[in-house]
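*Asks:* Mind looking over this structure? Questions follow.
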Amino acid sequence: MRKSNRAAAGAAAWQVVHEGIEPGKPTLWARATAVPRMLGGRITGRYTQMPASRVLLFLAALVYVLSPVDLVPELFIPLFGLADDAVVAVWLASGLMGETERFLEWERSQGREYVQGRVVD
């Protein structure tokens, strides 16, 4: 990849992370920083809109993606072995995107909004 292409790709990635894909929607950075608050709110009982079963599914998916043990091992069937990890990772990422958007909307409805890690009232 040429240097100018790498720079353009880097600039586009920076824009997606810090400015968002769609105007008015939370940025990827805002969503990522909301995950610990969302889980903490769910554990303490302040945020009850996400079922506990969904939290457990997210944790199970994370463990599955990170663990060396797979249902379809990469050693025996390389393409399918990677595909099952990719499917679980995509499900986890899309699920977290939706949940964090709902959580950030809930935070705004509670009068709390975080900008760059700080509460804005």
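The values are calculated or read from the model by the stated rules, or taken from the named source; none is laboratory data. Predicted model only: the values in this text are computed from it and were never measured. Positions of Cβ are backbone-derived with ideal geometry, glycine not excepted, and every protein chain shown enters the neighbour counts.
*Asks:* Checking M50 against (1) in a loop (DSSP other than H, G, I, E, B); (2) loosely packed, with under 15 Cβ neighbours inside 10 Å, which single condition isn't satisfied?
*Replies:* Condition not satisfied by M50: (2).
*Asks:* What pairs can you find where one residue is in region 96-111 and at pLDDT below 90, the other is loosely packed, with under 13 Cβ neighbours inside 10 Å and not small (G, A, S), and their Cβ atoms are less than 7 Å apart, with a gap of 6+ or different chains?
*Replies:* So the pair list comes out as G111/D121.
*Asks:* Which condition does S67 not pass, out of (1) within 30 Å of K25 (Cβ to Cβ); (2) at pLDDT 75 or above, if it passes all the others?
*Replies:* Going through (1) within 30 Å of K25 (Cβ to Cβ); (2) at pLDDT 75 or above one by one, S67 breaks only (1).
*Asks:* Could you give me the residue pairs with C-beta distances under 7 Å whose first residue belongs to region 23-34 and is of a type in the set (V, I, T), whose second residue is at pLDDT below 85 wherever it lies, and which are 6+ apart or on separate chains?
*Replies:* T27/V17; T27/H18; T27/E19; T27/G20; T33/Y114; T33/G117
*Asks:* I'd like to know if region 10-33 contains one or more residues that are exposed (fewer than 15 other Cβ atoms within 10 Å of the Cβ), polar (S, T, N, Q), assigned to a helix (DSSP H, G or I) and modelled with pLDDT of 90 or more.
*Replies:* no
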